[in-house]
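All of the numbers you see were taken from the coordinates with simple rules; none came from a lab. Here the structure is a predicted model, which is why all the values come from computation and not from measurement. Heads up, the Cβs are rebuilt from the backbone with ideal geometry, glycines too, and the neighbour counts pull from every protein chain shown.
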Amino acid sequence: MIKAQSIFKTFTIGGESVNVLNDINIEINDGEFVSVTGASGSGKSTLLYLLGALDAPTSGEIIVDGTHLSKMNDKQTSEYRRKRVGFVFQFYNLIQNLTVEENIVLPVVLDGKKAKGYAAKSDELIALVGLENVRKQKGALLSGGQQQRVAIARALINDPHIILADEPIGNLDSVKSAEIMKLLQKINREKGVTIVQVTHSRESVGYGTREIRLQDGKVV
Amino acid sequence: MSIVIKHIWRNIKEKKLMSALIILSLAISGALLFVALSIADVLDTVADSEFQSVTTVFLLIFVVTSFMSVFVVFSSFKYVMALRVKTLGTLRSIGADKKRCGNLLLLESVVYGLISAVFAAAAGIVLLLILGKALSGGTAALVISPTYILITVLFCLLLSPICAYLPVRASEKYSVKELILQTHRIKEKKRLPVLLVGLALTAIGVLLVLINALKYEEWAVYCSLFVSLAGFVLCVGPLVHYFMALLGKVFSNNFTVRNMRENRSHNTIAVLLAIAVAVVFMVNSANAILIGATDKSFALYNYDIHISTKTNDAIYSAAEVAQVGGVSGITAADGIYYQSEADAGGHIPVMNLYGMSLSKMNAYFNLTTEEEITAQDAKTILLSRDYLEREKLAKGDTITVGNAEFEIAGIIKEMFNSGNVGVLSEGDFEELYGVSRYTLIAAKSDIPDAARNALRAEGFQTAATVADMLARIKSINADLFTTVNYIIVLSTTAGVFGVLNNLLIAFASRKRERALLRSIGMSKRQSAKTILVEALITGLTGGSLGLVGGLLLTAVIPAVFLVFEFPVKSVPLSPAAITLCIICSAAICLLASLISLISNSKLNVIQTLREEIL
């Protein structure tokens, strides 16, 4: 379960304080597929980064499966991002000069384990995302949709409980967007992975189980 | 191969120019270190005492070139880190901690070091072979020490991560979010403290030279050179920045000049050029001193033919001296005693100790004493002024030479044989060294070349004209300094790569700006003009600052020469050299900007604006 309690987040831009999140309180249960929506500047991505321990709230608490994220140091948050959370970004964020297989097992390598030990798992994920034909291709040579599939497979390699997706279809056309959303939905239903996505797209909200709408930093 | 190594190797291959620059710079330094360590062993196979100081020369060249290499490699790694920001963001987002990311980047630098080490060792061996042959007239044998190879390899392996360390640590300051979103901003360094520290170091370095008490200490000279160079390198970055800011204010109506103020890449180029120009200027000033001093020194010989053995053995009898005198073309001949490196008790050795009467000295050498001396008493010695100054002796003092004491009876004014000359009477010399045969025969002639040939035909195979000797010394100096200049040119080539690289970075970083300007009406020609003006300003700035630095560093040269027991009174300044430095800097920048000009002419405005938005 993910709990965000009394979350405030303030940024200082050009000497002025901007309150991006104002007293956010949300709970996301295991296995949910939640879409966080709202206009630009409503604080959606900021909330997502807080849930992923990429940033820290100005005040408030985020508790994931009983763990208070604010009490973790850099090593612990890194481990959290490696093992308990998978990230999917709008611009894929692959390592361009690594192949599909190499990108997928990267979190394993960062965990200090041998990639060879995860060969079977990697094969399973490559099959899941439908990239068997391009497994030896480097990231730079893949299409947008293919890169996003690799990003999803990478997010799953360490069997995380949660996937956090920041505008996963923001850079894709409608056909590829549908493919990606169906894949995320499949992962949510078949593997029980909790998915929290930030999205502008009304169509993608339909793939989820719940919507949280933000406006001016508050849940509406 | 592990994924990490594959990733690093592919990174290196992707940026070929950058990688070549880093490897070349490290390899040049490594090769020079190997040569500096090994050259003495190679020249020992020839047993020629003329080359005792070569190791020191090459160590100094190594230190100077390393400064340039360090700067080039450091600024290259700063750019590499900038390129790796996106990768770092990805890795941090999927769970890599700061330490792991930092280690990955340092590992990349170690791989560069490893590749450079191979090239450094190979280039070092080739350079050693060439130098050894050049300096010994082709007789030296190649001696390769595994220990020196290992030191060279370790040097490259260590220098690379040392240069990368600060940029890597700087990248760890950014938060994960900043890295992922690439919203990190490079914090402006505090320039004024760096400038003040740099100025202080430069002043200390130069002052160390001027402080008399320490002037003759080798350690002080090396320290002063190192500290001066370090100070200059620290100063030049802030000075470039302030200079560009000043230009921007003076020419505030000029868009191009105003824009250069915060352009880091152009500032880096100017710094690179400044260091290169300073180093080249300093080395060439040293070369000019050596050439001038050699000419002056040989002008003090008042005879044409010199006969001695290579090891200065005392073998020439009076009969042989007479025989020389009787050879066709010889107008006068005399035997002279000579001892090199005469032990002087608690003082530095008298490197050139002659045993001759005053009349012989007046006849065969253009040497004069400060006070006229008509006769030299027993147990007295004449010494060069430079030697007395260095050893804090004066006329009337006593000095122990060999196992006897001599009173200093006269001061030789001229700077002859590095200013380390002593003259004993013939009787004193004979008693001191127990010799009765002369070490050298000095002869005068009408036609030196013919006389030399005639003497050789008589069996005096070592007969050489003084002109021959001068030519040989000049040739050795020329070989040495040609080699030095080749090395400086190699290092400068690495610097030119750096200039080219940074100009391309400058262009790439402002691609969007150029596309924007084009979209609102700037023509291709106007855009090209801005590139050329920026290159010209950068070149002139770098050249001018480098010249200032070079002129400051030439203050250290007299002290460096003193280490080789070569007193230098003044450093000649050539207006031609000064002009050439500035012109070359500007020319290098203009030529290197050609690639940017070509890229600019092919700029796709729409594509660029779209890409940058994404």
Checklist entry - So what are the ³J(HN,Hα) numbers for the stretch A:15-24, from phi and the Karplus equation (6.51, -1.76, 1.60; θ = phi - 60°), rounded to whole Hz, Gly and Pro as x? => result x, 9, 8, 10, 8, 8, 10, 10, 6, 8
Checklist entry - Which whole number in µm²/s is D for the protein assembly as shown by Stokes-Einstein, with the Kirkwood Rh taken over Cα pairs at 4 °C and 1.567 mPa s? => result 40
Checklist entry - HN-Hα J couplings of the stretch B:169-180 from phi, Karplus 6.51/-1.76/1.60, θ = phi - 60°, integer Hz, Gly and Pro as x? => result 5, 4, 5, 6, 6, 7, 6, 4, 4, 4, 5, 5
Checklist entry - So if R0 is 56 Å, what FRET efficiency would A:Q76 and B:T45 give, r being the distance between their Cβ atoms, rounded to the nearest 0.05? => result 0.30
Checklist entry - What's the average, rounded to a whole number, of partner chain beta-carbon atoms within 10 Å of each residue's beta-carbon in B:98-106? => result 2
Item to check | Mean Cβ neighbour count within 10 Å, used as a protection proxy, ranking B:73-81, A:50-58 highest first | outcome: B:73-81, A:50-58
Item to check | chain B, helix-only ellipticity at 222 nm - DSSP H runs n ≥ 4, -39,500 (n - 2.57), divided by all residues, nearest 500 | outcome: -23000 deg cm²/dmol
Item to check | the stretch B:1-185 - convex hull of the alpha-carbon atoms, volume per residue in Å³ | outcome: 114
Checklist entry - With axes computed from alpha carbons, what is the tilt in degrees of helix A:119-129 against the longest principal axis of chain A, rounded to the nearest 10 within 0 to 90? => result 70
Item to check | Virtual spin-label span in nm between A:A127 and B:W219, 7 Å along Cα→Cβ | outcome: 7.3
Checklist entry - So, counting K/R as plus one and D/E as minus one, what does the shell of residues with Cβ under 12 Å around A:I157 add up to? => result -1
Next on the checklist: Let's test the formula: R0 of 51 Å, r as the Cβ-Cβ distance of A:E61 and A:E203. What FRET efficiency results, to the nearest 0.05?
Outcome noted: 0.90
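Take each of the peptides B:580-588, A:103-111, average the number of other beta-carbon atoms within 10 Å over its residues, and list them starting from the highest.
The peptides rank, most packed first, as A:103-111, B:580-588.
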Item to check | Relative contact order for chain B, counting Cα pairs under 8 Å that sit 6 or more residues apart, in percent | outcome: 17
Next on the checklist: So for chain A, averaging the separation of alpha carbon pairs under 8 Å that are six or more residues apart and normalising by length, what relative contact order in percent results?
Outcome noted: 32
Checklist outcome for this item: The answer for A:E32, listing residues at least 5 apart or on another chain whose modeled amide H is closer than 5 Å to its amide H, is A:I195
Next on the checklist: For peptide B:5-18, what's the mean number of Cβ atoms from other chains within 10 Å of each residue's Cβ?
Outcome noted: 2
Checklist outcome for this item: Phi angles of the stretch B:240-246, converted by Karplus (6.51 cos²θ - 1.76 cosθ + 1.60, θ = phi - 60°) into ³J(HN,Hα) in whole Hz with x for Gly and Pro, give 4, 4, 5, 5, 5, 5, 5
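What does the net charge come to around A:E101 if you take all other residues with beta carbon closer than 10 Å to its beta carbon, with K and R at +1 and D and E at -1?
0
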Next on the checklist: Within a 10 angstrom radius of the beta carbon, how do B:D41, A:D30, B:D386 rank from fewest other beta carbons to most?
Outcome noted: A:D30, B:D41, B:D386
Checklist entry - How far apart, in nm, are the 7 Å Cα→Cβ label points at B:N366 and B:E405? => result 3.8
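Work out the FRET efficiency for B:I151 and B:W9 from their Cβ-Cβ distance, taking R0 = 35 Å, and round it to the nearest 0.05.
After rounding, the FRET efficiency stands at 0.85.
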Next on the checklist: Report the Cα-based extents of chain A along its three principal axes, largest first, to the nearest Å.
Outcome noted: 48, 38, 37
Checklist outcome for this item: Residues other than B:Y148 with Cβ under 15 Å of its Cβ, Lys/Arg counted +1 and Asp/Glu -1, net out at -2
Checklist outcome for this item: Residues whose modelled amide H sits under 5 Å from the amide H of A:V198, counting only those 5 or more places away in sequence or on another chain, are A:V36, A:A165, A:D166, A:E167
Checklist entry - Where in the stretch B:281-361 are there trypsin sites (Lys or Arg not before Pro) that are in a DSSP coil and have at most 14 other Cβ atoms within 10 angstrom of their Cβ? => result B:K310
Next on the checklist: I'd like the distance between the alpha-carbon centres of the stretch A:147-179 and the stretch B:350-365, rounded to an integer number of Å.
Outcome noted: 93
Checklist entry - Using modelled backbone amide H atoms (1.01 Å from N, in-plane), which distant-in-sequence or interchain residues come within less than 5 Å of A:Q215's amide H? => result A:V220
Item to check | Computed lengthening from B:N103 to B:V118, 0.36 nm per intervening residue step minus Cα-Cα distance | outcome: 3.1 nm
Next on the checklist: For a 24 Å ceiling on Cα separation, which of these pairs sit above it: A:K71/A:K121; A:K75/B:K15; A:K75/A:K113; A:K75/A:K114; A:K176/B:K177; A:K121/B:K86?
Outcome noted: A:K71/A:K121; A:K75/B:K15; A:K176/B:K177; A:K121/B:K86
Next on the checklist: Report the gain in length on full extension from B:I598 to B:A170: 0.36 nm times residue separation, minus Cα-Cα distance, nm rounded to one decimal.
Outcome noted: 150.7 nm
Item to check | Which of B:S317, B:Y338, B:A457, positive extreme of dipole for the stretch B:311-461 (C-beta unit charges) | outcome: B:A457
Checklist entry - How are the C-alpha pair distances of the stretch A:29-128 spread across 10 Å bins, as whole percents from the shortest bin up? => result 12, 37, 35, 15, 1
Item to check | Dimensions (Å) - the stretch B:311-461, Cα atoms, principal axes, largest first | outcome: 47, 29, 25
Checklist entry - Mind checking the mean number of beta-carbon atoms from other chains within 10 Å of the Cβ atoms in A:49-57? => result 3
Checklist entry - In chain B, what is the volume of the convex hull around the alpha carbon atoms, normalised per residue and reported in Å³? => result 184
Item to check | For the stretch B:1-185: relative contact order, % (alpha-carbon pairs under 8 angstrom, 6 or more apart) | outcome: 36
